[in-house]
Amino acid sequence: MLTGNVPERLQREKLEACVVQLAPEAVPVMESVRTSASNHRMVLYGLGGSAQEAMKFSKYGVNAVFHEPLERQAALKLVRATQMLVLHEFRRYIRIPIITEIAMVTSDNRRFTATSKEISTGGMSVKSPEEVSIGMQLEVSFALLTLPRIWVRAQVSWRKPDKTFGVRFDAKDERRLRIKDWIEAYLEN
């Protein structure tokens, strides 16, 4: 647990991960993390309520959320899932766990929102109560930290019963290159 002037300490001390209560008082800490030369890639865990409540802090790139009340099994599962990110060991296709709101539009103009779980240069995994089917064509829109809102065509590539599904960005959509550039810059810094 950090004490003293935490935002100031985060500007000068290198840390691999940080847990912050998802409350307005944590904003200076999250801003300090994301503007720090040595900590801007730090894994930022949120401690709080629902993913919807975490959306208020999405501009700070909260990577994962411990939901309250804390349950041992759920907390262990979250730590295991993000352990390699904390250790800076990535898969062949780099997936960055990050929570942000995704706007989705189907080919028949049905609109709904989802919450991201991970993003890569080729696609993202998301969670939404909406029913989707594999192969469904979508237009997705989201913003990430320093990446302004972007729209890109995508297709549902997999889905699970827990309302999570994956979308693969359309390889012919040039707009996806902005996502690739953002991920490369995120990893280089």
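The values are calculated or read from the model by the stated rules, or taken from the named source; none is laboratory data. Being a predicted model, the structure only gives us computed values, none of them experimental. Neighbour counts are summed over all protein chains in view; Cβ atoms, including those assigned to glycine, are modelled from backbone coordinates with ideal geometry.
From the list S58, S38, the one residue that fits, being under 18 Å from E101 (Cα atoms) and either hydrophobic (A, V, I, L, M, F, W, C) or modelled with pLDDT under 90 (or both), is S58.
Just one of (1) surrounded by fewer than 17 Cβ atoms within 10 Å (Cβ to Cβ); (2) over 27 Å from A26 (Cα atoms) fails for Q83. It is (2).
Quick check on the stretch 92-103. Is at least one of its residues aliphatic (A, V, I, L, M) and either more than 15 Å from the chain's Cα centre (by Cα) or part of a helix (DSSP H, G or I) (or both)?
No, the stretch 92-103 contains no residue that is aliphatic (A, V, I, L, M) and either more than 15 Å from the chain's Cα centre (by Cα) or part of a helix (DSSP H, G or I) (or both).
Residue count for the stretch 111-157, restricted to those that are hydroxyl-bearing (S, T, Y) and touching a helix residue (DSSP H, G or I) at 6+ places or on another chain (Cβ under 6 Å): 2.
Listed here are the residues, each with its yes/no results for (1) over 30 Å from F112 (Cα atoms); (2) surrounded by fewer than 19 Cβ atoms within 10 Å (Cβ to Cβ).
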position: R12; (1), (2): yes, yes
position: M30; (1), (2): no, no
position: H40; (1), (2): yes, yes
position: E53; (1), (2): no, yes
position: K56; (1), (2): no, yes
position: V62; (1), (2): no, no
position: L76; (1), (2): yes, yes
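Of the residues examined, T115 is one that is among the β-branched types (V, I, T), within 30 Å of H40 (Cα to Cα) and either in the same structural domain as M30 (by TED's automatic domain parsing) or in contact (Cβ under 8 Å) with a residue 40 or more places away in the chain (or both). Residues in the stretch 118-135 that are more than 10 Å from the chain's Cα centre (by Cα) and touching a residue at least 40 places away in the same chain (Cβ under 8 Å): 5 in all.
Output the residues belonging to the stretch 160-189 that are part of a strand (DSSP E or B) and either free of Cβ contacts under 8 Å to residues at least 40 places away in the same chain or under 21 Å from A51 (Cβ atoms) (or both).
Taking the stretch 160-189 as the starting set, the residues that turn out to be part of a strand (DSSP E or B) are 164-169.
The answer is T164, F165, G166, V167.
Just to be sure before I move on: is F142 buried (at least 20 other Cβ atoms within 10 Å of the Cβ), assigned by TED's automatic domain parsing to the domain that holds R110 and more than 20 Å from E184 (Cβ to Cβ) in the structure I sent? Against the criterion (buried (at least 20 other Cβ atoms within 10 Å of the Cβ), assigned by TED's automatic domain parsing to the domain that holds R110 and more than 20 Å from E184 (Cβ to Cβ)), F142 does not qualify.
Those residues that are assigned to a loop (DSSP other than H, G, I, E, B) and within 21 Å of L85 (Cβ to Cβ), I need them from the stretch 129-159; list them, please. L145, T146 - these are the residues of the stretch 129-159 that are assigned to a loop (DSSP other than H, G, I, E, B) and within 21 Å of L85 (Cβ to Cβ).
Report whether or not T115 is surrounded by 15 or more Cβ atoms within 10 Å (Cβ to Cβ) and closer than 20 Å to S50 by Cβ. Spelling it out, T115 is indeed surrounded by 15 or more Cβ atoms within 10 Å (Cβ to Cβ) and closer than 20 Å to S50 by Cβ.
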